């Protein structure tokens, strides 16, 4: 190398050597400056950044409470009905131990140990899952103590990540309204499905979705329905509490219920909602609607007018009453004793066209107005023959959901304005205007008549002192393969309280109640559905601001002299 | 090098500028530090909120409607209020404090056991029983009613003399709870029992009178009182031991009944029952 340099110097001369030296010095200097410049630039940028941060702060906006993965559902008073809950899941991670065997022990042993912790698990299935070597859930929603016991098994492959699960603190209460969500996190049933978009939308899910339900009312209704159902050995029961002035549903119960926190095969058939999904021939509860239509149309003007009460022959079909109420009845008596014959005559005078148009206005020819998926009524289209008009007038030949009935009764007592039912809480300005079906005078007359049915008629068992309940019983035979079944009934009690200024409609329905000791061997609505209303109203009335008062009632003094004594269905 | 005026000025400006800049930087750093503290605090608050929500959920679960209903059925038995439990206005409230009208039935003095009959055999030493329905003394139905005050005056000293146990101080210190109980059919039950006692004493048998105290299980004080009274009574007379057997029974007994019976079961044996036993 030295020889090479020397030889170059010799060959090019001294001047060139100096030149080379100077140039390399210049290059070195330049490089140093470049490095210094770069560092200075970086320093300045850093300083600017620091200054910027110091002045402007961090770019990311402040967040309040972290958004839940899915919006909460609360009742009208803010009681949480569905919310996110960090629960443990049991996750199988075969790669936890690296590339070796996934489990310390054999899959069979681990599966047996897991079954000791969760007795309802299938050991063979667990063993297959563990042996498959695929990462997967073994179980969801495990309790912390179970997680500890699994931890004690000493299997690193069994992990329990904490996941936000949907949780329903009230258990099976209002399960049919709330519904449930699938494993994909989307609603499958009830309001979870209806409001799925809103609950998942980051813009809305921060605030809870408010339902119109009142959990205290819902609890009382379910409790009393369950009692009534047990007392009468009924197959099922349903109930609604509806605000007559707004159409808000305060409680909606279908029994037997299910627990949305834990869906097992036994509870799957109970997911069916009797109140909105199933249509029933509701029977005599339709009579007040017929009578109201007749009063509205001017067909019934004189409450004292008497109608013959003997069996009615119409085109080879005979209309009977549950028993003989004498030769004749007037309209108040017909309602009090629940006479099919007189109601049919009233409907006959009213005519099918007018009855049909009223019922169409009440929405009996379409699915009920409620957010939940609902059943379609069995509704006769076209012109009604005379016999259809007559049977429909007392609730046969027309199948409705109890939800239809609740809305219709709300219109019947609130002054005649029909409003769609809703499960969402309405602010005072949001209440729909509704459409007028009956005049206030008709509604006032119906309040008197309904109150009389409870004070002296078939609904006496529903009369809670001080609450001024009015309502109508209905016991309809269920249609079977060979006509109506005499022993399988749908019994309904449609009521409203307080009758001097109706606030709430209460519907109680029993599916196939039996005659038991508790119901004095009877299976009609007066013995099973009416007492439920009589027990529910005192429980919910004070909560809803309806205080019992023995000094008030709707004035029935003009109708009271018109009625005799007797018992009806 | 001479420092000219303008030069000093410019250096001064530069220094001021530098100081201001340094202060600004320091201030902004400080602000940022506080901001990050706030952020940390917010994160902490979020954590606490989540924990609160968790606890709230747990509380809601443990106190859900069904649990509360069951608890009420088993433990409390609260029922829906009735119309009588509501007062709508001040007027109704004032109505409750209305003085008794001239035709109102007299209050019944049930807890005064000092109203004994005369000390003679066959006469009752128990308080004159008042029929709650008619408002008259039961004795009045058979014989002329002895004014209670007189009876007291007669029987009091005699009893004290006989028993020797009841000194004046005892008697004065013995304060009776005068329960003014409104007329109610519930009073019939204690009366019937008192009548039993009366019957056995009327026979003059020296048998121990069994006082049936209608005492609810939780009303330990009543039972204790009765026992204490029985113990107190034993040294008074040697002829017979009045055993105040307290049989707890009748869970349906109302508090009103208990007040009414208290003197009969508990304090009465102190004095009059010795009388019963000896006669």
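Out of A:193, A:220, one residue alone is more than 30 Å from residue A:531 (Cβ to Cβ), modelled with pLDDT of 90 or more and crowded, with 16+ Cβ neighbours inside 10 Å. It is A:193. Which residues, taken from segment A:197-209, are away from chain B (no Cβ under 14 Å), surrounded by fewer than 18 Cβ atoms within 10 Å (Cβ to Cβ) and either assigned to a loop (DSSP other than H, G, I, E, B) or touching a strand residue (DSSP E or B) at 6+ places or on another chain (Cβ under 7 Å) (or both)? Within segment A:197-209, A:198, A:201, A:202, A:203, A:204, A:207 meet the criteria.
For segment A:237-258, the set of residues classified as more than 13 Å from the chain's Cα centre (by Cα), more than 14 Å from residue A:505 (Cα to Cα) and touching a residue at least 60 places away in the same chain (Cβ under 8 Å) consists of A:237 only. Here residue A:118 fulfils each of the conditions (1) under 23 Å from residue A:268 (Cα atoms); (2) within 14 Å of chain B (Cβ to nearest Cβ); (3) surrounded by fewer than 21 Cβ atoms within 10 Å (Cβ to Cβ) apart from (2).
Considering (1) under 21 Å from residue A:362 (Cβ atoms); (2) under 28 Å from the mean Cα position of the chain (by Cα), the lone condition that residue A:450 does not fulfil carries the number (2). Looking at the structure I just gave you, is residue A:124 surrounded by fewer than 12 Cβ atoms within 10 Å (Cβ to Cβ), assigned to a helix (DSSP H, G or I) and out of contact with any helix residue (DSSP H, G or I) (no Cβ under 7 Å at 6 or more places or on another chain)? Yes; evaluated as a whole, the condition is true for this residue.
Annotation note: of B:93, B:87, the sole residue that is more than 8 Å from chain A (Cβ to nearest Cβ), without any contact (Cβ under 8 Å) to a residue 12 or more places away in the chain, touching a helix residue (DSSP H, G or I) at 6+ places or on another chain (Cβ under 8 Å) and over 27 Å from residue A:166 (Cα atoms) is B:87. Among residues of segment A:410-434 being outside any loop (DSSP other than H, G, I, E, B) and in contact with a helix residue (DSSP H, G or I) (Cβ under 7 Å, 6 or more places away or on another chain), the one that is surrounded by the most Cβ atoms within 10 Å (Cβ to Cβ) is A:412.
Can you confirm whether segment B:54-61 contains a residue that is over 21 Å from residue A:166 (Cα atoms) and more than 10 Å from chain A (Cβ to nearest Cβ)? Checking segment B:54-61: not a single residue is over 21 Å from residue A:166 (Cα atoms) and more than 10 Å from chain A (Cβ to nearest Cβ). Does segment A:245-253 contain any residue that is at pLDDT below 95, crowded, with 24+ Cβ neighbours inside 10 Å and more than 19 Å from residue A:73 (Cα to Cα)? The answer is yes; a qualifying residue exists.
The values are calculated or read from the model by the stated rules, or taken from the named source; none is laboratory data. Everything numeric in this text was worked out from a predicted model, so none of it was measured. A quick note on method: Cβ atoms are made from the backbone with ideal geometry, for glycine too, and the neighbour counts reach across all protein chains shown.
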